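One structure is given below, encoded as structure tokens.
Nothing in this text is a laboratory measurement; each read-out follows from the coordinates by a stated rule. From a predicted model like this one, the values you see are computed outputs, not experimental measurements. Cβ placement follows ideal geometry from the backbone for every residue including glycine, while neighbour counts extend to all protein chains displayed.
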Amino acid sequence: MNNTTTEINSVADANHKAVTNTIFSPRFYTTDFEAMDKLNIEPVRAEWDAMMAEYEGDNNHDHFQRDATFADEARDLASKMSPELRQEFLDFLVSSLTSEFSGCVLYNEIKRNVTNPDIKQLMEYMARDESRHAGFINSSLKDYGLGIDLGDLKRTKKYTFFKPKYIFYATYLSEKIGYARYIRIFRQLEKHPEKRFHPIFRWFQRWCNDEFRHGESFALIMRANSNLLRGANVLWIRFFLLAVYATMYVRDHTRPELKQAMGLEPTEYDFDVFRITNEITRQVFPVLLDIDHPAFRANLDRLFTCSQRADEGLAAGGVLGYARKALWSVAGAAIFARMFFIPVISNRLPDTARMVPAW
Ligand SMILES: [Fe+2]
Ligand SMILES: [Fe+2]
């Protein structure tokens, strides 16, 4: 076992996992609220208003309630899970909950600290959705007696400051990749219901439509403020694309049981998700990562190896263990830097940004 998959056997373990920051775990963010307040979305007003009407219509208001069979189905299926799968599933629930709640906290904080009516209203809708998502996951953790104390998490987890533009790049991507991940899983289990080892996956389709829409919101904000998509900012976009893709790859390969139990091969799953995300990000990003470049795939594998070796060093402990961890972390950073220079694909933005979740 390594530090990214420390076992969860008690409610204290679950809460500890949620509050601890590692390079690969979801973080909490804070930002420059004054700059957020100054955002202007007039250049995309028509698309914006249509999107806000969708939020107001709230077509998922009744979705995040468990049906009568949920708890029984969860209990029955849990008794059939191997201990390894159970651990990876719990890890998945805790990290997904942390990331949903991270969105909820950030969107709420922005809402409380701005007066700009467009931004305030948007943040209120997104916080509403993320709070439902987090609560829904937490009820599944509570079935195992492992509920996360969200109030405590909000107070004690460290916050990372990100300038608004970094929030836009990172959050846009995490919403869209979140959509791609959930819909790929949903489609797989639709075809192979016998591999659905927990009822929560039945909720994924309508759930990820919320994430898709959250991503649309950030796409419109960036399209309206097009300086965010030009010049040196393009390098930041490349950086965030690579960071998000690489993090996902390493995490998914660190816990392969989860995908395998669904009949998915982790590398193939990740490349499907990259492909979907690449297609979606054409709505806003002037560049796409060349995921079919041979060096892209090879270096992802090297990155995963470095992460494994670094974790082994950490687990071994002592001066030598820490030295090993440090060396492998530097090696990982060097590979990441090399990947940054793999040529990207340039993309001409479409006239309008909005897309529908059609995968
Ligand atoms: Fe969410
Ligand atoms: Fe979201």
(message) Using +1 at the C-beta of Lys and Arg and -1 at the C-beta of Asp and Glu, which of Ser95, Thr281, Ile342 has the Cα lying farthest in the positive direction of the dipole of the chain?
(response) Ile342
(request) Report the charge-dipole magnitude of region 189-308 in Debye, nearest 20, computed about the Cα centre from +1 at each Lys and Arg Cβ and -1 at each Asp and Glu Cβ. (result) 280 debye
(message) Tell me which of Ser139, Leu150, Phe162 sits at the most positive position along the dipole axis of region 52-196, charges placed on C-beta atoms (Lys, Arg +1; Asp, Glu -1).
(response) Phe162
(message) If I build a Gaussian network model for the chain, linking alpha-carbon pairs within less than 10 angstrom, which residue out of Asp118, Asp13, Asp72 has the largest mean-square fluctuation?
(response) Asp72
(message) Multiplying the sequence separation of Arg187 and Ala53 by 0.36 nm and subtracting their Cα-Cα distance, what value in nm do you get?
(response) 45.4 nm
(request) For n ≥ 4 DSSP H runs only, could you compute -39500 (n - 2.57) per run for the chain, divide by its residues and tell me the 222 nm figure to the nearest 500? (result) -22500 deg cm²/dmol
(message) Just to confirm my numbers, what's the Cα centroid distance between region 134-200 and region 47-101 in Å?
(response) 8 Å
(message) If amide hydrogens are placed 1.01 Å from N in the peptide plane, which non-local residues have theirs closer than 5 Å to the one on Thr30?
(response) Thr160, Phe161, Phe162
(message) How much length would be gained if the chain were fully extended between Ala243 and Asp76, taking 0.36 nm per residue of separation minus their Cα-Cα distance, in nm to one decimal?
(response) 56.3 nm
(request) Pop out the ³J(HN,Hα) list for region 22-35 in order, Karplus 6.51 cos²θ - 1.76 cosθ + 1.60 with θ = phi - 60°, rounded to Hz; leave Gly and Pro as x. (result) 10, 4, 9, 9, x, 10, 9, 10, 10, 8, 8, 5, 4, 5
(message) Using the Cα centre of the chain as the reference point, and only Cβ charges (+1 on K/R, -1 on D/E), how large is the resulting charge dipole? Debye, rounded to the nearest 20.
(response) 920 debye
(request) Would you mind computing, in nm to one decimal, how far apart the modelled labels at Thr30 and Phe340 are, each placed 7 Å from Cα along Cα→Cβ? (result) 2.7 nm
(request) With θ set to phi - 60°, apply the Karplus curve 6.51 cos²θ - 1.76 cosθ + 1.60 along region 187-197 and write out the HN-Hα couplings as whole Hz, x wherever there is a Gly or Pro. (result) 4, 4, 7, 5, 6, 10, x, 5, 9, 7, 8
(request) Sequence neighbours fewer than 8 away in the same chain don't count; with that in mind, list the lysines whose C-alpha is under 24 Å from Lys17. (result) Lys142, Lys154, Lys157, Lys158, Lys259, Lys325
(request) Name the long-range amide H neighbours of Val287: under 5 Å, sequence gap of 5 or more, or other chain; modelled H, no Pro or chain starts. (result) Asn347
(request) Please find, in a Gaussian network model of the chain (springs between Cα atoms separated by less than 10 Å), the residue of Phe161, Phe28, Phe212 whose mean-square fluctuation is greatest. (result) Phe161
(message) Within 12 Å, Cβ to Cβ, of Asp129, how many net charges do the neighbouring residues add up to if Lys/Arg are +1 and Asp/Glu are -1?
(response) -4
